[in-house]
Amino acid sequence: MQKDLFDTLEAAFESLDERASIAAAATLCERMLHNYRLYCEVSGQGNRRQIDSSMALVWEKLLAPAAKINFELQAEKLLPLEAELEELLEGGDTSLGVQMACDAIMALGICLEAAVGKRPGAVVELSRLSRGEVEEMALLRGEQSEEAQALQLDEQEFQSEIMELLKEQGAVKQTIQALKRLGANDGVSNLGLALEE
């Protein structure tokens, strides 16, 4: 990936005000959560309803800042999901699906902390986490393959689009709604994976 582009993006993400930073983090997280949803569907394990509920509350807080939401309780509800995945890893299951699910839960935990102002660098953390996953997938597919290059380009464009939306309009309601749609990404994750309809 183009390191210079991502260095520039990181600097731009770091310059965002708190609300815009949380909105950018939520967008990155939303797209990564498709990996956890896929894990739930394929393995029959996990708790998709919980992650969807927690993520929806992050968007609700962004769209209605006066909303009273207990994000600490939401973070506590992630603990059993984390424990389940850690148990699989400790048991020797190092499959890509389990690793992606772990990363997605980690991303959601970071996002929940950001929503209450406890993780000021969340957007940069999630930017790096998503990029790291994409780089790992590119290695698995052969870095020079057309598929790997398309995946890397998509990651660059996705993160750039987040920044463009926020730079043009700020974290106003319409921008946040647009970011929510962007993060949903038609059900396709940062790794180009999606549930079959």
FRET efficiency for residue 156 and residue 96 from the Cβ-Cβ distance with R0 = 22 Å, rounded to 0.05, comes out at 0.50
Least to most buried among 94, 27, by other C-beta atoms within 10 Å and fewest first, runs 94, 27
Looks like segment 58-164, by Cα gyration tensor root eigenvalues a ≥ b ≥ c and the a/c under 1.5 rounded cutoff (else prolate when a/b is bigger than b/c, oblate otherwise), is oblate
Any lysines whose Cα falls less than 18 Å from that of residue 180, other than same-chain ones fewer than 8 residues away, would be 61, 167
Classified through the alpha carbon gyration tensor (a ≥ b ≥ c as square roots of its eigenvalues; rounded if a/c is under 1.5, else prolate when a/b is larger than b/c, else oblate), segment 145-197 comes out oblate
Per its Cα gyration tensor (rounded if a/c is under 1.5, else prolate when a/b beats b/c, else oblate), segment 97-137 is best filed as oblate
By the mean-Cβ-within-10 Å protection proxy, highest first, 62-68, 29-35, 73-79 rank as 29-35, 73-79, 62-68
So the compactness index of segment 1-74, its C-alpha Rg divided by 2.2 N^0.38 Å, takes the value 1.35
One point scatterer per Cα, no solvent, Debye formula: log10 I(q)/I(0) for the chain at q = 0.07, 0.10, 0.12 Å⁻¹ comes out as -0.19, -0.39, -0.56
Expected sort for 45-53, 186-194 on mean C-beta neighbours within 10 Å, highest first, is 186-194, 45-53
Residue 11 neighbourhood, Cβ < 14 Å, K/R = +1, D/E = -1, net charge -1
As straight-line cross-link partners of residue 118, the qualifying aspartates and glutamates (C-alpha separation under 12 Å, not fewer than 8 residues apart within one chain) are 18, 72
Residue 11 and residue 72 label points (each 7 Å along its Cα→Cβ direction) are spaced in nm at 3.9
Charge tally for neighbours of residue 67 with beta carbon under 10 Å away, counting Lys, Arg as +1 and Asp, Glu as -1, is +1
Burial-style ranking of 95-105, 151-161, average other-beta-carbon count within 10 Å with highest first, yields 95-105, 151-161
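Here, each number is a calculation from the coordinates, and none is a lab measurement. None of the values given here were measured: they were computed from a predicted structure. When we count neighbours, we look across all protein chains shown, and the Cβ atoms used for this are built from the backbone with ideal geometry, even at glycine.
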